[in-house]
Every structure is written in structure tokens, then in C-alpha cells.
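Reading through the C-alpha cells given below for one structure.
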């Protein structure tokens, strides 16, 4: 796992409109969470991931910052690949920066209750982004329907392989989304299992969203048996690790593999036939809506949620939901490419290169 640590503050980027010296002087004594009508709304955004190189989060940050600028809001971004303790330090720092609302993409959904409680004590509303913080009330949760992601995994696999041996590789045990995806997957495949049509060879839970760990754990299974017909991978990085291992054993294209996030490499593998499906989550919609929600909450004008959910805090959490989409080779143009998530040139690059080589 790649880790970067630059003291207690990992990274600070001021994004959006810069407050003038006069404005800063006027706001210096403003209590945290209390807005001044003459200053932009300040959004603290804390992101902690297992690595900086995940394609997905780079897109979220870019869209989030752009949407905030369009709404005239400032973003104080704290980003770390240093794990949960580093994120706690990030959030403590943000709570000293006169922010109006705090948006958190948690590294460990169970370990942030204390620092989120500190934000609540300061009357700074907290929005849980993509992953739901557990054990403490938050003002809102915004994410994709992760159980539907799992159902899309199950539907794709059971249509392609209605009878066979399945390997299930779940995501991080520290991420509540992993359990939601797993729940949706089992909802679909369980009747097949009970009939004896599907046999689950093994079900793996990873410590982190790590392709290296996934490669090691999947490799251990393949050392024991190569009699596998389908692999459900927690995300596209895990799917890529599985496909690499299958390719080494000349099993690629013979095993149906699904993942999520629509990473560029995985979209290429989908059109090549190496990966059956990837779940596309329209990040532009999610990140833009998150900024709009943050501004609305800061202005005490929170919209009605799509539904409510629970997080073991004893209160219902307003849940703002975006819907994922299953993407196969046949609908790639009408989803990923139509939305500009990836260009046709990039997605089909390897296919065209092969065509050019064949023509020559």
C-alpha cells in the first residue's frame, strides 16, 4: 500500500474563490459553523483512501471542486493515503478553519465517531460522502445505491453463468459499502445456490481496497483450484488483479468477471471481452449533488432526502441516492461514452490497435 505522510497535515488545497484580506479580518472571530452573509460558504472536504492513485477519487475531487466554484463556495480539501488516524488529524484541523459544513469520505467507517461528534458539538453539519460513517449522527449521507451495485453484479453473472463455480472477492472490511454490495449480490445468487446451480468456491474479504492484497488472496485460491467459472470483484482494481492472474493461467475470457467504478482499463477489458461487466456510477451527478447539498445545509435549506437509512447511531440518516448502471460491451457507447466519462478513442484504443495490426 502506498503511504504518504507530511506531518499532521497531509495536504491542504484552497479551492474556489480566495477571500480578500478585509473579508478574512471581518471573519476572524466568527464561530465555527456560523456563516457571514458577506463571505463564501466554506466546505471542509476530508478524503482518506488506501492510495492516491485510485482513478475514481480523482474524478470526484475534480467535479466537486468545479461545482463548488460555480456555486461561489470555497473548498478546504484535506487528502490522505495515510489511513484512519491521518484522517482524524485532517478533520481536527478542518474544525479549526471556520468551515460551515464538513464533507467526509471516510477511510474507516467505524472509527470516526469521536471526531464527528466533535464537529456536531461545534454545530458544524457533517455529510458522509459515498461511505456511511457509523455510530454517530450525521446530517446527511450521499452515495450510490450500493445494494443495487451488488444486484447488478448478481444479475450479470447469473445471466452469463447460471450454473457454475463462483469466487466472491469483497472489498474492504472497513467500508460499510462492501457489506451493502455483498448483500445485494447474495440477494440475487442465493436462490441459485440453494438449488445447487451455483457453488461458491470461496468468499474473500479484503482488509483494504488493495489490488496487491486482492492479487495475493485470489492467487492463493487459484493455487488450490482453477475450476472457477465466475468472479465477483468488489471493484475494478480487484477485477483487474483477477484478470491478470487468469491471463497468466490462460483462463482469461473463460471466466466471467464483474467489478465496479468503470475505470478506463476495465472499460477497455469489457470491450475486449476480458471483463463481463463494470458498474458505472455517474460521479458527476454524485459530486455535483454533494456540493449543492452542502451549500443548502449550510444555508439551513436542506432538501428532502430520497430515503432514510441507519448507521447504529439511534437516529435515521437522510440518504440522497444516485443510481448505478451496469455497462457491458453492447451499451458502452450509450453510457460511459455518451456521458463523457471516458472518450471512445480511449475505450476502444486497444481494439483499434489490434485492428490496425491485423490490417498491416
(request) Kindly provide the set of residues from the stretch 271-292 that are crowded, with 20+ Cβ neighbours inside 10 Å, outside any strand (DSSP E or B) and touching a strand residue (DSSP E or B) at 6+ places or on another chain (Cβ under 6 Å), ordered by number. (result) 275, 276, 281, 286, 290
(request) Give just the number: which of (1) assigned to a loop (DSSP other than H, G, I, E, B); (2) within 20 Å of residue 61 (Cβ to Cβ); (3) over 20 Å from the mean Cα position of the chain (by Cα) does residue 262 not satisfy? (result) (3)
(message) Checking the conditions here, which among 218, 200 is in contact with a helix residue (DSSP H, G or I) (Cβ under 6 Å, 6 or more places away or on another chain), more than 22 Å from residue 131 (Cα to Cα) and either assigned to a helix (DSSP H, G or I) or not assigned by TED's automatic domain parsing to the domain that holds residue 110 (or both)?
(response) 218
(message) Condition first: touching a residue at least 24 places away in the same chain (Cβ under 8 Å), out of contact with any helix residue (DSSP H, G or I) (no Cβ under 9 Å at 6 or more places or on another chain) and farther than 16 Å from residue 340 by Cα. Can you find one or more residues in the stretch 275-293 that meet it?
(response) yes
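So which of 108, 123 is over 30 Å from residue 228 (Cβ atoms), in contact with a strand residue (DSSP E or B) (Cβ under 9 Å, 6 or more places away or on another chain), outside the structural domain of residue 213 (by TED's automatic domain parsing) and assigned to a loop (DSSP other than H, G, I, E, B)?
Values: 123 fails: in contact with a strand residue (DSSP E or B) (Cβ under 9 Å, 6 or more places away or on another chain).
Among 108, 123, only 108 is over 30 Å from residue 228 (Cβ atoms), in contact with a strand residue (DSSP E or B) (Cβ under 9 Å, 6 or more places away or on another chain), outside the structural domain of residue 213 (by TED's automatic domain parsing) and assigned to a loop (DSSP other than H, G, I, E, B).
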(request) Take the stretch 339-348 and flag every residue that is under 17 Å from residue 277 (Cα atoms), more than 19 Å from the chain's Cα centre (by Cα) and part of a loop (DSSP other than H, G, I, E, B). (result) 348
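Sort out which residues of the stretch 66-98 are touching a helix residue (DSSP H, G or I) at 6+ places or on another chain (Cβ under 8 Å), part of a loop (DSSP other than H, G, I, E, B) and more than 17 Å from residue 128 (Cα to Cα), and write them in order of number.
Start the filter on the stretch 66-98 by keeping residues that are touching a helix residue (DSSP H, G or I) at 6+ places or on another chain (Cβ under 8 Å), which leaves 67-68, 71, 73-80, 88, 91-92, 95, 98.
Checking which are part of a loop (DSSP other than H, G, I, E, B) leaves us with 71, 73, 95, 98.
Correct list: 71, 73, 98.
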(request) Kindly indicate whether residue 124 is under 21 Å from the mean Cα position of the chain (by Cα) and farther than 30 Å from residue 192 by Cα. (result) no
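The values are calculated or read from the model by the stated rules, or taken from the named source; none is laboratory data. On a predicted model such as this, the values are computed, not experimentally measured, just so you know. As a convention, Cβ positions derive from the backbone with ideal geometry for all residues, glycine included, and neighbour counts pool all protein chains shown.
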